[in-house]
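These notes concern the structure reproduced below.
The values are calculated or read from the model by the stated rules, or taken from the named source; none is laboratory data. For clarity, every value in this text was computed on a predicted model and none was experimentally measured. Virtual Cβ from ideal backbone geometry, glycine too; neighbours counted across all protein chains shown. The protein model used for the area step is the full one, side chains on, heavy atoms only, and it has no ligands, DNA or RNA in it. Shrake-Rupley method; radii C 1.70, N 1.55, O 1.52, S 1.80 Å.
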Amino acid sequence: MSGYDRDTLEKFRLSGKILRETREEMRYLVCENMPIIEVCEKAEGLIRERGGKPAFPCNVSINEVAAHYTSPPNDKRKIPEKSIVKVDIGVHVDGYITDTAVTVCFNPEYKILSETAEQALKAAVENIQPGMPTSKLGAIIEKIIKSRGFQPVSNLTGHQVGRYLVHAGTSIPNVAQMSFSRIKLGGVYAIEPFVTLPNAVGRVENGEEVTIFRFLKSRSLKNPHAKQLLKHIEENFRTLPFAERWLQDVVPDEHYLEAFRELLSSKVLMGYPIFVEVSRKPVAQAEHTVLIVKDGCVVLT
Ligand code: MN
Ligand code: MN
């Protein structure tokens with residue numbers, strides 16, 4: 001029935017259980033004026049306590065920032081009052097990844113945005129079928145969001161997950177679009193509608209900040225501290241995204257900056273810029289990871 005063997009499916013299920021429990025704790029823990037670094041460290045700590053490993057740094061993306069912000073080391077920022085906050089977390093168990101997100105809203109005016117994202121996700125989960133064109137799933141998501149008077153962020157998508165790969169293979173669009181790919185029986189997919197206001201541009205662009213990185217390609221390095229840092233990255237994160245917070249204490253403080261810069265400038269690492277809604281309108285997100293079975297899907301998260 002499934003492309004994965006029983007052992008692997010158990011790892012996906014455990015990964016999803018750890019993530020679901022962590023998300024539900026985070027939903028009630030995040031509050032206004034809380035330091036963002038506390039949100040990140042709390043979520044990542046809960047994942048580790050439960051026996052998982054973060055598949056990527058906890059993303060805390062606020063208002064018009066749709067995705068890809070995590071606290072840098074010594075981050076002083078706090079959750080702003082009246083903000084809309086996307087907490088996006090991932091777990092891997094032996095490389096098998098699940099990915100989920102919740103929107104916490106401190107502005108009553110924008111509650112309906114996060115409710116709409118949840119409803120679009122629910123419709124996608126209820127309708128997904130093996131063999132279904134991904135474009136059809138995108139159309140279902142878009143229809144629900146537009147029927148409620150909002151619009152999807154058209155250039156953010158869900159994705160298939162693979163071992164040690166967060167974005168593997170097929171994308172799951174949030175709008176109807178031309179595509180020939182289909183949902184595969186036994187595949188594991190993250191579905192993640194992003195919703196914004198009807199008068200927004202409805203797309204994201206790269207922002208200035210880069211707080212999340214991943215290993216790209218091994219190269220010969222001169223700086224011994226850069227070598228040491230790279231060894232740590234390859235051994236601990238492989239091809240998965242990581243935060244600079246996770247690199248503290250690997251090399252002496254006074255050598256860290258130079259070493260990290262060399263890894264970036266030599267393109268051993270790549271960075272993920274934050275994604276910002278083009279017209280700076282607030283964005284909500286909901287996300288689950290699902291396993292495709294004969295008559296639909298099993299929600300892992
Ligand atoms: Mn996610
Ligand atoms: Mn995702």
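Quick look at the numbers
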| read-out | value |
| --- | --- |
| Where no second cysteine Cβ lies under 4.7 Å, the cysteines concerned in the chain | C31, C105, C297 |
| Under 12 Å from the Cα of K82 - aspartates and glutamates, other chains or at least 8 residues apart | E32, E109 |
| Accessible carbon and sulfur surface of the chain relative to its total accessible area, %, 1.4 Å | 50 |
| Structure-based [θ]222 nm, the chain - -39500 (n - 2.57) summed over DSSP H runs of at least 4, per residue, nearest 500 | -10500 deg cm²/dmol |
| Qualifying trypsin sites (Lys or Arg not before Pro) for the stretch 222-281 [loop in DSSP, other Cβ within 10 Å: at most 15] | K222, R238, K267, R280 |
| Translational D in µm²/s for the chain (Stokes-Einstein at 10 °C, 1.306 mPa s, Kirkwood Rh from C-alpha pairs) | 81 |
| Above-threshold pairs, the threshold being 19 Å between Cα atoms, out of K136/K184; K231/K267; K86/K111; K42/K231; K53/K122 | K42/K231; K53/K122 |
| Where GluC sites (Glu not before Pro) fall in DSSP loop in the stretch 40-91, at most 14 other Cβ within 10 Å | E81 |
| Order by protection proxy (mean Cβ within 10 Å, highest first), peptides 283-292, 203-212, 150-159 | 283-292, 150-159, 203-212 |
| Whether the stretch 256-301 is rounded, prolate or oblate, judged on the alpha carbon gyration tensor where a/c under 1.5 counts as rounded | oblate |
| Packing rank of 143-149, 53-59, 30-36, where each peptide gets the mean count of other beta carbons within 10 Å, highest leading | 53-59, 143-149, 30-36 |
| For the stretch 213-274, accessible area per residue (1.4 Å probe, heavy atoms of protein chains only), Å² | 56 |
| Residue-normalised accessible area of the stretch 39-124, given per residue in Å² at a 1.4 Å probe | 36 |
| The stretch 213-274: C-alpha gyration tensor shape, a/c 1.5 cut-off, then a/b vs b/c | rounded |
| Burial ranking of peptide ranges 130-138, 65-73, 177-185 (average Cβ count within 10 Å, highest at the top) | 65-73, 130-138, 177-185 |
